[in-house]
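In what follows, a single structure is set out as structure tokens and then discussed.
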Amino acid sequence: QRTVLAEALRSAAWVGVRELPSAALALALGVPQDRVDYQLDDACFLQPRPPEPDERRQLPDWEDGRWIALTFHPFCAPSDLACDRIGEQLGALASALGARLLFLPHEAADDAGRSDREVSHALVARLPRRVESWICPVLPARLVRWITAQACMVVSTRYHPLVFGLAAGVPCLGLWSDDYSRVKVQGALRHAGQSEWSCALEEGAAGALLARGLDLWQRRDVTSAHLAALHPG
């Protein structure tokens, strides 16, 4: 795979990469430095759009109050202990913030047929009854970008919820499950100088999700102002 990739990249006139480890890999594979461009993901510039009338029934009727946008890929079986602990902490975070939880799936199914919605349902089953939640279907990207901008915080194991959140000035907390997703999650956050707001899922399940979420909430005004200052650039 490295041989095939190296040959393809070396023949390219221009190679855009979203993460610094990807830039290092391209250089290691022999791509000339003047052809490698470390860049933002183009979804940073996706224009949001509000829901159409027929789409509103797929969204909660939350006209007031705060809520957290959540996206979790199938990181474990719905019966796993990690799912129990993540669900418990999401419930505790929502209670502490006085917030609702909105699950925003970004992928319908993986190669094994598992979906973000399946994980969302498993996590909702772990929530205390007092925590209000809603699970969306997989929606059009511009609509998801608009919905994300309305959130008070984004918590995600996927790349683009973080991109959408940062572009909208919403504080984001990223979780990764392996080295591949670590590179992506931290890479998305690093463009905004926010890579510190990330941790491994295992660490998150052990208590860091709630602790980091509360810490991020305490710094939300400073974080949002920082993100807003970056936007013109």
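Some points to look at:
- Top positive-direction residue, dipole computed over the chain with Cβ charges, set 197, 232, 4: 232
- Long-range amide H partners of residue 172 with built H, under 5 Å: 154
- Working note: Karplus 6.51/-1.76/1.60 with θ = phi - 60° gives the range 55-64 the couplings 8, 5, 6, 8, 10, x, 8, 9, 8, 9 Hz, where Gly and Pro are set to x.
- Label point at residue 215 placed 7 Å out along Cα→Cβ; residues across the range 48-89 whose backbone nitrogen lies under 14 Å: none
- Accessible area per residue, Å², the range 50-151 with all protein chains present, probe 1.4 Å: 50 Å²
- Put simply, the Cα atoms of the range 1-74 extend 53, 27, 21 Å along their principal axes, the longest span coming first.
- Apportionment of accessible area to carbon and sulfur, the range 72-200, percent (1.4 Å): 47 percent
- Computed from backbone phi with θ = phi - 60° and the Karplus coefficients 6.51, -1.76 and 1.60, the 3J(HN,Hα) list for the range 93-98 is 5, 4, 5, 5, 8, x Hz; x is used for glycine and proline.
- Neighbours of residue 138 by Cβ distance under 11 Å: Lys/Arg scored +1, Asp/Glu scored -1, total -1.
- If you run the Gaussian network model on the chain, springs between alpha carbon atoms under 10 Å, then out of 15, 138, 170 the most flexible one is 15.
- Amide H to amide H, with H built 1.01 Å from N, residue 16 comes under 5 Å of 37, counting only residues 5 or more places away or on other chains.
- Built amide H within the under 5 Å cut-off of residue 66, gap 5+: 100
- What the phi angles of the range 208-225 give under the Karplus curve with 6.51, -1.76 and 1.60, with θ = phi - 60°, is a coupling list of 5, 4, 5, 4, 5, x, 5, 5, 4, 5, 5, 9, 4, 5, 5, 5, 5, 5 Hz, glycine and proline written as x.
- Alpha carbon convex hull of the chain, volume per residue in cubic angstrom: 141 Å³
- Zone residues, the range 38-56, relative to residue 149, backbone N less than 20 Å from point 7 Å out along Cα-to-Cβ: 40-56
- Neighbour count of at most 14 Cβ within 10 Å plus DSSP loop: longest chymotrypsin sites (Phe, Trp or Tyr not before Pro)-free window in the chain: 63-233
The values are calculated or read from the model by the stated rules, or taken from the named source; none is laboratory data. Fair warning: this is a prediction, and the values are worked out from it, not measured in the lab. Note that we place each Cβ from the backbone using ideal geometry, even for glycine, and neighbour counts take in every protein chain shown. Surface areas here come from the heavy atoms of the whole protein model, side chains and all, with no ligands, DNA or RNA. Shrake-Rupley method; radii C 1.70, N 1.55, O 1.52, S 1.80 Å.
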